[in-house]
1. Which residue is modelled with the highest pLDDT, if the candidates are limited to the range 606-661 and must be outside any helix (DSSP H, G or I) and either under 27 Å from Ala241 (Cβ atoms) or not assigned by TED's automatic domain parsing to the domain that holds Phe678 (or both)?
2. In the range 107-166, which strands (runs of 3 or more DSSP E) lie fully inside it and hold 1 or more residues that are at pLDDT 90 or above and under 14 Å from Thr86 (Cα atoms)?
3. Run down Leu665, Leu669, Leu691 and say which single residue is touching a helix residue (DSSP H, G or I) at 6+ places or on another chain (Cβ under 8 Å), assigned by TED's automatic domain parsing to the domain that holds Ala562 and at pLDDT 90 or above.
4. Regarding Gly565, is this residue under 30 Å from Val316 (Cα atoms) and either assigned by TED's automatic domain parsing to the domain that holds Val376 or assigned to a helix (DSSP H, G or I) (or both)?
5. For the range 323-336, how many residues are closer than 25 Å to Phe281 by Cβ and either at pLDDT below 90 or surrounded by fewer than 23 Cβ atoms within 10 Å (Cβ to Cβ) (or both)?
6. Pick out the one residue from Val94, Val98, Val78 that is outside the structural domain of Gly414 (by TED's automatic domain parsing), crowded, with 19+ Cβ neighbours inside 10 Å, among the β-branched types (Val, Ile, Thr) and more than 15 Å from Thr160 (Cβ to Cβ).
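The values are calculated or read from the model by the stated rules, or taken from the named source; none is laboratory data. These numbers come from a predicted model, not from an experiment. Methodologically, a virtual Cβ is constructed for each residue, glycine included, from the backbone with ideal geometry; neighbour enumeration extends over all protein chains shown.
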Amino acid sequence: MATFLYRLGLAAFRRRGRVLLVWLGVLVVVAVGAAQASGPSDEEFSMPGIEAQKAFDLMEERFPGTAADGATARIVFVAPDGRKVTEGDPRKAVEQAVQSLGEGPQVAGVADPFASKAVSRDGATAYATVTYKVEAGDVTDAARAAVHEAADRARSAGLTVETGGSAMDDGGGPGGSAELVGLSAAAIVLLFTFGSLAAAGLPLLTAIVGVAVSLFGILLLAGPLGLSSDTLTLGMMLGLAVGIDYALFVVSRYREERGRGRAPHEAAGVAVGTAGSAVVFAGVTVIISLAGLSVVGIPTLTKMGLAAAGAVAVAVLVALTVVPALLGLWPNAVLARRVRKGRARGGPAAARDNLGTRWARFVLRRPVAVLVLGVVGLIALAVPTASLRLGMPGEEAKSTATTERRAYDALAEGFGPGFNGPLTIVVDAKGAADPQAAVRAVGDRIGRTDGIVSISPARFNEAGDTAVFRATPSTSPTDEKTKDLVETIRRERPAVERQASATFEVTGTTALNIDVAAKVQSALVPYLAVVGGLAVVLLLVVFRSVLVPVKAALGFVLSVLAALGVLVLVFQKGHAADLFGVEQTGPIMSLMPIFMMGIVFGLAMDYEVFLVSRMREAYTHGEGAHQAVVSGFRHSARVVTAAALIMVAVFSGFIGEDGSLIKMLGFGLAAAVLFDAFVVRMAIVPAVLALLGDRAWWLPTWLGRILPRVDVEGAALSHPHSHSPHPDPNGPVQAHV
């Protein structure tokens, strides 16, 4: 692979014009296609195999068209203090607003709050539900504007009016501020790392090219594949982070080779053949881990994982082709000023001590203390993970500055906390002698369950053998008591079904979220074991060592658990929540932990390869085990530190996003990279290698014979006659990252 990539980098450098024209053509094609595409979709979340989904599917079968009805908007009216919406001017203002809403574009109908009894017991709050002829993604700006105009007229009459519902969601997507924050921070880190504007700007430019291609590609496929706006933001987040990092590694190696006196074209080829080989390995691990999310069985998670994997694949291709092509246009611009002017002094920079070597020697002098401190610290941060609660925060997790959150709060205050998350009971009375009596029996029994405050009238299908009614809990959708209530209803179901001679299932958004959380939580440990096992296998092939991969996998597990623990502390328990803009604590998004595991796995292996491979190279070239650790830090510590800081900066920028999943994912990934790069790879890894000594690179002879020889770090490009006092019968890994 190293030889192939060397030739690829050389060809891209020499044929830079053609390479850049090809990428420009790709960008234009996907941009034109995206402009004509339907855009992101916010289709209903689904998960095959859970009860809530089965009940939803039964509703679609027995009530044709019901589940496919259009988007809805909910307008909440609150009377001034001491007055009621059912009397005088407030009532007149509500009636006028309802009439105006019915005349809006794309409207199929409006439920009058007075006719539908959508008024609170104290008469202070009422709500109107607008149903549209189209799905949420197809609601026009004009239709939303009509709702806002009706709400404004009601406000002018003295009412407090708030709006919510799927129709009022404009799709969101990347807003720009998070990206600018990440890019600005990355630019500062790159400038300090390279000391050159051109060297700092090139990774940013190539990352933007890769992100543009990825986002336009996702937009192009969003309609046919049903990709959500969160997928766009996730693609941008990962595309920026890995795109900048991968270009950074290639440019850094190019500068190193030029400093050794290589010609520009040769330095570009070696940079792509060595650092590019590690980029391919790191990218493939991220892609595999993201694509592997499909085994969990959640269609939404699968789509997001595959889309993010595509963004990473584009970032890898850009680093291998666009970066050397741009180096071909400006071969000297990325070099340090003293190198450009021929004033480089003191020999190669790699031969001099730096902050990395000083840190490595500090760890080597105190390996036990560093190891214990690092492991105990991560375990302490991981302890809150034991109380992890998964769920799907809704409008209650939004800022109080949004009308959706204020509408949620007004409904909770007027109608009770459970009003925003009613349970939908689907009764299958096909085998009952008297279906209506059977449905009444089920409703009466569920209505007497502790925690249920009201039962709505049942609605039958045309055949009269299936009914649906709503059971409103006394607690909010994300309250742990609501989860216990659903479990109680299901636990008591056999007795209810025997009495009623009919079967029933519990569904609705609240039940669906509870079921999804349970399934994802049960998949966390198996998925973590699979990903950790994959890490061991991959690194076993790369480093041809038994203990190094095991150490790497255990470090990955520690960093992920510590990041989850911090996530629980902030987003679930509320510690330092204000600092990160978290206004409402609650359960962690169900998809968040397993998604984070997949992404962090690839990034952790990325840093492991770039750092430890240089140690392996030094060892196989004759240095002692301890000195090899110092040499590895001399070559790689600065670049790995810069790469990690860029990752943290990019991910942290997304903490300011409105979407709960993206906000949590940005925070969790930033924490995980921080722990993995600086605690695990920079402290625990050298401490463990120091304690193991020569044993760290041991591999049984029989295993060495059957392991494939994968030249990930570019051993084929090393000097063929170099002598190694530490011969490796299994094939030395000579990495030049």
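1. Glu657
2. Working: elements: 107-111, 125-132, 160-164.
Filter on the range 107-166 gives 125-132.
3. Exactly one residue qualifies, and that residue is Leu691.
4. On the way: under 30 Å from Val316 (Cα atoms): no; either assigned by TED's automatic domain parsing to the domain that holds Val376 or assigned to a helix (DSSP H, G or I) (or both): yes.
In short, no.
5. 2
6. On the way: Val94 fails: more than 15 Å from Thr160 (Cβ to Cβ); Val78 fails: more than 15 Å from Thr160 (Cβ to Cβ).
Being outside the structural domain of Gly414 (by TED's automatic domain parsing), crowded, with 19+ Cβ neighbours inside 10 Å, among the β-branched types (Val, Ile, Thr) and more than 15 Å from Thr160 (Cβ to Cβ) holds for just one of Val94, Val98, Val78, which is Val98.
Let's see how each residue does on (1) surrounded by fewer than 22 Cβ atoms within 10 Å (Cβ to Cβ); (2) of a type outside the set (A, V, I, L, M); (3) under 19 Å from Ala186 (Cβ atoms):
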position: Glu608; (1), (2), (3): no, yes, no
position: Met615; (1), (2), (3): no, no, no
position: Glu623; (1), (2), (3): yes, yes, no
position: Val673; (1), (2), (3): no, no, yes
position: Val679; (1), (2), (3): no, no, no
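Here is a yes/no grid of residues against (1) of a type in the set (S, T, N, Q); (2) touching a residue at least 24 places away in the same chain (Cβ under 8 Å); (3) touching a Lys or Arg at 6+ places or on another chain (Cβ under 6 Å):
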{"site": "Val531", "(1), (2), (3)": "no, yes, no"}
{"site": "Leu534", "(1), (2), (3)": "no, yes, no"}
{"site": "Pro549", "(1), (2), (3)": "no, no, no"}
{"site": "Phe556", "(1), (2), (3)": "no, yes, no"}
{"site": "Lys573", "(1), (2), (3)": "no, yes, no"}
{"site": "Gln584", "(1), (2), (3)": "yes, yes, no"}
{"site": "Met592", "(1), (2), (3)": "no, yes, no"}
{"site": "Phe595", "(1), (2), (3)": "no, yes, no"}
{"site": "Val600", "(1), (2), (3)": "no, yes, no"}
